Each structure stands twice: as C-alpha cells, then as structure tokens.
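**Student:** Sharing a structure, written as structure tokens. Questions coming.
The values are calculated or read from the model by the stated rules, or taken from the named source; none is laboratory data. None of the values given here were measured: they were computed from a predicted structure. Glycine also receives a Cβ, built like all others from the backbone with ideal geometry; neighbour counts cover every protein chain displayed. Side chains included, ligands, DNA and RNA excluded: accessible areas come from the protein's heavy atoms. Shrake-Rupley method; radii C 1.70, N 1.55, O 1.52, S 1.80 Å.
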Amino acid sequence: MAQRLATEYVNATMQMTDIQMDQFLQYTQAFRVTNRVKVMDSGEQEFVLEDESGEEVHLPFERKNGLYVCELSCRLVTPHLTNAVRKLFAAFKGSGKVNRIYRGFTMSYDYHAGTVHRITQVAGNDSIVIYEYKNTAGELQRLFNSNEAEKEIKSIQHHINVLLDQRIAAGNDKLITKTIDERLRQFNQRLFVLEA
C-alpha cells in the first residue's frame, strides 16, 4: 500500500453557526492535539491545532452573514494531525479540494458539504476519475416530479387534432393528405414513446 506523503487543503471552506462553533471547540479537544484560540484585532478567531511533532495548522474563522466561515489552504504531513483535520472537515461539512499526495501520484478529492463528490487520480499530466457522486435518488425524484412528458403529450394531441381537421378539409387532394398522414405518423410514434 502506498504511503501518503502529505495532504493539501486547497481553497477549502467550513461554515458554522454559533452552536456548531461550540461543538467544533469541544470536538477539537477530543483529539490528542494541542489547541489554542487566538482572537485577532478585528474580532476574528483563529484556532491553532498542533500535534506532538510540532506540526500545526491554523484555522482562521471570520464572521460573515451570521456564520463563522473558515477558509483553509494548508499542507499537512503528520498522520495524527492530518487525521484530526480530516475528521473536523467531514464532521462540519467542509467543501473544497483535498489532495492526498503519494510518491508518483496524487488522489484529489472534491468535497461538497462534507461529502466526497469526485475522486481523481492525477499522475503527471494524466488524470483518471476514480469515483463520481451521482444523486440517483434525487434524480429519480426530479424525474418523477417532472411533468414535461405530460406537457409534450398534450401538445402533440393538440397538433394531431389540428392535422385531422386539415385532412378532412383537404378532401381528395392526395399531396396534402400524404403530407398530413406523414406528420400524423411521426406524432403517433412520438406519443408511443412518451406514453411508454
């Protein structure tokens, strides 16, 4: 198994309410890392997590629209601190790109609200999508709720009625009835597909 060399958080964000921020503070104490809180001149807060090796990560939180927002870009090497930040990022529904760097390749994870939406393996100029999130249940629900097929059926039925009236009005004109019959045949095929 390949050994991870580093983990990078690239333009990652976490957003929290006041209650979630309190939970965040309690959660950071559960890890065996030292944590400090710095209060900046502007009133913003910065959490510093440090493991026994001395590696540390700074998590700056800024107050925006009633939420605490952490914008994070960092590179972590030690497994213990890396694991702690990973758990925090998932628990507090972080979004952004996380690169897990191995010798010769990188696994790039795209997170949205704490869920992995895509995993890509990158080696040199080559990249392979390993996993891509598909909201199958949501897509099926959207299709179920969609009434586009019913609208199209209603529209086709209207066109068929108009064409039938035109066919009756055409009388014995073979060229017009042939053209109308062809259009009716096309509409009939489309109705068969839609009603199936």
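**Student:** Quick test for you: out of ILE153, ILE176, pick the one residue that is open to solvent by less than 40 Å² (accessible area, probe 1.4 Å) and either on the phi > 0 side of the Ramachandran plot or not in a strand (DSSP E or B) (or both).
**Tutor:** ILE153
**Student:** Return the residue satisfying two criteria in turn: it lies in region 132-150 and is closer than 15 Å to LEU194 by Cα and not in a loop (DSSP other than H, G, I, E, B), and of such residues it is nearest to the chain's Cα centre (by Cα). Reasoning before the result, please.
**Tutor:** The initial filter retains those residues of region 132-150 that are closer than 15 Å to LEU194 by Cα, namely 143-144, 146-150.
Next cut, not in a loop (DSSP other than H, G, I, E, B) only: 143-144, 148-150.
Numbers: LEU143: 19, PHE144: 21, GLU148: 25, ALA149: 27, GLU150: 30 Å.
Restricting to residues being closer than 15 Å to LEU194 by Cα and not in a loop (DSSP other than H, G, I, E, B), the top hit is LEU143.
**Student:** Over 30 Å from THR106 (Cβ atoms) and either modelled with pLDDT of 90 or more or aliphatic (A, V, I, L, M) (or both): does that describe LEU5?
**Tutor:** So LEU5 fails the test.
**Student:** Among the candidates LEU76, LEU72, single out the residue that is among the aliphatic types (A, V, I, L, M), within 17 Å of MET16 (Cα to Cα) and modelled with pLDDT of 90 or more. Give the derivation first.
**Tutor:** Values: LEU76 fails: within 17 Å of MET16 (Cα to Cα).
Testing whether each residue is among the aliphatic types (A, V, I, L, M), within 17 Å of MET16 (Cα to Cα) and modelled with pLDDT of 90 or more leaves just LEU72.
**Student:** Are any residues in region 74-130 part of a helix (DSSP H, G or I) and open to solvent by 30 Å² or more (accessible area, probe 1.4 Å), and if so, which ones?
**Tutor:** PRO79, HIS80, ASN83, ARG86, LYS87, ALA90, ALA91
**Student:** Now, a different point. Are there any pairs with C-beta distances below 9 angstrom linking a residue in region 26-45 that is open to solvent by 90 Å² or more (accessible area, probe 1.4 Å) to a residue that is in a helix (DSSP H, G or I), with the two at least 6 apart or on different chains, and if so which?
**Tutor:** Here the result reads ARG32/HIS80; ARG32/ALA84, each pair linking region 26-45 to a residue that is in a helix (DSSP H, G or I).
**Student:** Here is a further query. For region 131-149: of the residues being surrounded by fewer than 11 Cβ atoms within 10 Å (Cβ to Cβ) and among the acidic types (Asp, Glu), which is nearest to LYS97 (Cα to Cα)?
**Tutor:** GLU139
**Student:** Name the one entry in LEU5, LEU49 that is in a strand (DSSP E or B) and open to solvent by 50 Å² or more (accessible area, probe 1.4 Å).
**Tutor:** That would be LEU5, the only listed residue that is in a strand (DSSP E or B) and open to solvent by 50 Å² or more (accessible area, probe 1.4 Å).
**Student:** Given (1) free of Cβ contacts under 8 Å to residues at least 12 places away in the same chain; (2) more than 12 Å from GLN15 (Cα to Cα), identify the lone condition not met by ASN65.
**Tutor:** (2)
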